[in-house]
Amino acid sequence: MKESKLTYLIDPLREMLYQFDVIIKGFRERSGLRIAAITCGMLPNEIAACAGLLPLRLPFFAHGRCACEGLSMIEKIEELYDCLVVPQGCAGKGAIPVLPIPVHEFKAPQGWGAQSYRLMEAALDELLQLFGGTGFRESDVDTLRAAVREYNAVRRLVRGIASVRRGKPDLLSCRDLAVVFEAAAVLPPSIVIGYLAPILDRLNDAASGCSGGMIPALAYASFINDASILDEIEEAGCLIVEDDFCSGRRQFEMSYDHESDNLIPEILDSFSYRPGCPSVRPAEERVELFYKMIKGEGVELVIFLEDLCCGAKKRDIEALRIRLMRSGVDPLVVSTADAVEKVRDYVATL
């Protein structure tokens, strides 16, 4: 919604994102960690981090396209990151300019379960031997547990903010929520975590004047650099309660038991069930791992923002549209130019 009573809570995160390069450079120098710029959540961050390679997602500058297309806007990238990691088969890889840091294609596996996580294990080991200085099998268990606790805390805070906002959409706009997602993915977890907890506490305490009655919807696109289109869609009568964005809620969907005696196998197995992106998984797998379940989570409509999709996302729209209709969830294919009109027309038919 355009109304945002608590938008001031997000201002510190906005300011940090404006200065992301200064923050990451300073963190890199102080921590001594190697930092990998990643284009999406293709690997379990905590395993890489405990082996000395901290994955941070690239900030998005290229609206509606892959994060790779914004690389040319990052000055002196070698002072921020030690390498760039993209999933093998990434639809945006062709947009990568000549860089002063190495580019690694990560062999993100398809499928799920035992076979998939064994392939993930091999891909992670290759990455970490190249850039982390040690394979994850040699990682210290206590260091891994500490990393898992920290990532768990960030993810739970982000999920909590999104969940409370679902019932109180007038407190934070979609633009505000997008800043939360972006900061939590782009900045080191140890830096951002202290800014997220007060936001969730204030949201829980604040009263909402929203009367409800909006249609719960999922928005589908690649990277959203300006979430104002989502606020306009909400003004037209559909509440964005879920998304399938490269830069959205799905980045924070999993937490792990840091006290487990089999932590690495459990992380790898759980991670293999993430739906991922169309550059990594075929549409059939993404349906099985995600779209089959959205009706049970209260989603009644999927809004495909076609002009904000990369080639891989756009390719899957028709297959997903057909599967959604069969499952009883309405699909609506729109562009940013006609989204509000089409959503209003849809709401008027109900």
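Only one of the numbered conditions (1) out of contact with any Phe, Trp or Tyr (no Cβ under 6 Å at 6 or more places or on another chain); (2) without any contact (Cβ under 8 Å) to a residue 24 or more places away in the chain is not met by Lys93, and that is (2). If the condition is being surrounded by fewer than 17 Cβ atoms within 10 Å (Cβ to Cβ), assigned to a helix (DSSP H, G or I) and either polar (S, T, N, Q) or modelled with pLDDT under 90 (or both), then the range 94-124 contributes Gly94, Ala114, Gln115. Of all residues in the range 94-120, those being in contact with a helix residue (DSSP H, G or I) (Cβ under 6 Å, 6 or more places away or on another chain), among the aliphatic types (A, V, I, L, M) and more than 25 Å from Ser72 (Cα to Cα) number 1. The single condition among (1) without any contact (Cβ under 8 Å) to a residue 60 or more places away in the chain; (2) closer than 30 Å to Ser335 by Cα that Ser208 does not satisfy is (2). Which residues, taken from the range 275-286, are at pLDDT 95 or above and either in contact with a strand residue (DSSP E or B) (Cβ under 9 Å, 6 or more places away or on another chain) or more than 15 Å from Ala312 (Cβ to Cβ) (or both)? Listed by number, the list holds a single entry, Arg286. Selection over the range 52-67 of residues that are modelled with pLDDT under 90 and buried (at least 24 other Cβ atoms within 10 Å of the Cβ) gives a count of 3.
Kindly provide the set of residues from the range 25-59 that are part of a helix (DSSP H, G or I) and over 13 Å from the mean Cα position of the chain (by Cα), ordered by number. Hits for the range 25-59 are Lys25, Gly26, Phe27, Arg28, Glu29, Arg30, Ser31, Glu46, Ile47, Ala48, Ala49, Cys50.
Selection of the range 1-19 for residues being buried (at least 18 other Cβ atoms within 10 Å of the Cβ) and either at pLDDT 95 or above or hydroxyl-bearing (Ser, Thr, Tyr) (or both) yields Ser4, Leu9, Ile10, Leu13, Met16.
Within the range 289-306, the set of residues being buried (at least 16 other Cβ atoms within 10 Å of the Cβ) and not in a strand (DSSP E or B) comprises Leu289, Phe290, Tyr291, Ile294, Val299, Glu300, Glu306. Taking the numbered list (1) on the phi < 0 side of the Ramachandran plot; (2) out of contact with any strand residue (DSSP E or B) (no Cβ under 6 Å at 6 or more places or on another chain) in turn, Gly328 passes all entries but (1). Within the option set Ala178, Ala185, being touching a strand residue (DSSP E or B) at 6+ places or on another chain (Cβ under 6 Å), buried (at least 22 other Cβ atoms within 10 Å of the Cβ) and not in a loop (DSSP other than H, G, I, E, B) holds for one residue only, Ala185. Pairing residues of the range 8-37 that are on the phi < 0 side of the Ramachandran plot with residues that are hydroxyl-bearing (Ser, Thr, Tyr) and in a helix (DSSP H, G or I), at Cβ distances under 7 Å and at least 6 apart in sequence or on separate chains, gives Pro12/Tyr195; Leu13/Tyr195. When residues in the range 307-350 are screened for being part of a helix (DSSP H, G or I), of a type in the set (Gly, Ala, Ser), touching a residue at least 12 places away in the same chain (Cβ under 8 Å) and more than 17 Å from Ile240 (Cβ to Cβ), 4 of them pass. Check whether at least one residue in the range 130-137 is within 20 Å of Leu13 (Cβ to Cβ) and of a type outside the set (Asp, Glu), and report yes or no. No; the residues of the range 130-137 include none that is within 20 Å of Leu13 (Cβ to Cβ) and of a type outside the set (Asp, Glu).
Scanning the range 300-334 for residues that are more than 25 Å from Cys68 (Cβ to Cβ), touching a helix residue (DSSP H, G or I) at 6+ places or on another chain (Cβ under 8 Å) and among the basic types (Lys, Arg) gives a single hit, Arg323.
The values are calculated or read from the model by the stated rules, or taken from the named source; none is laboratory data. In this text, all values refer to a predicted model and were calculated from it rather than measured experimentally. Glycine gets a Cβ as well: all are built from the backbone with ideal geometry, and neighbour counts include every protein chain shown.
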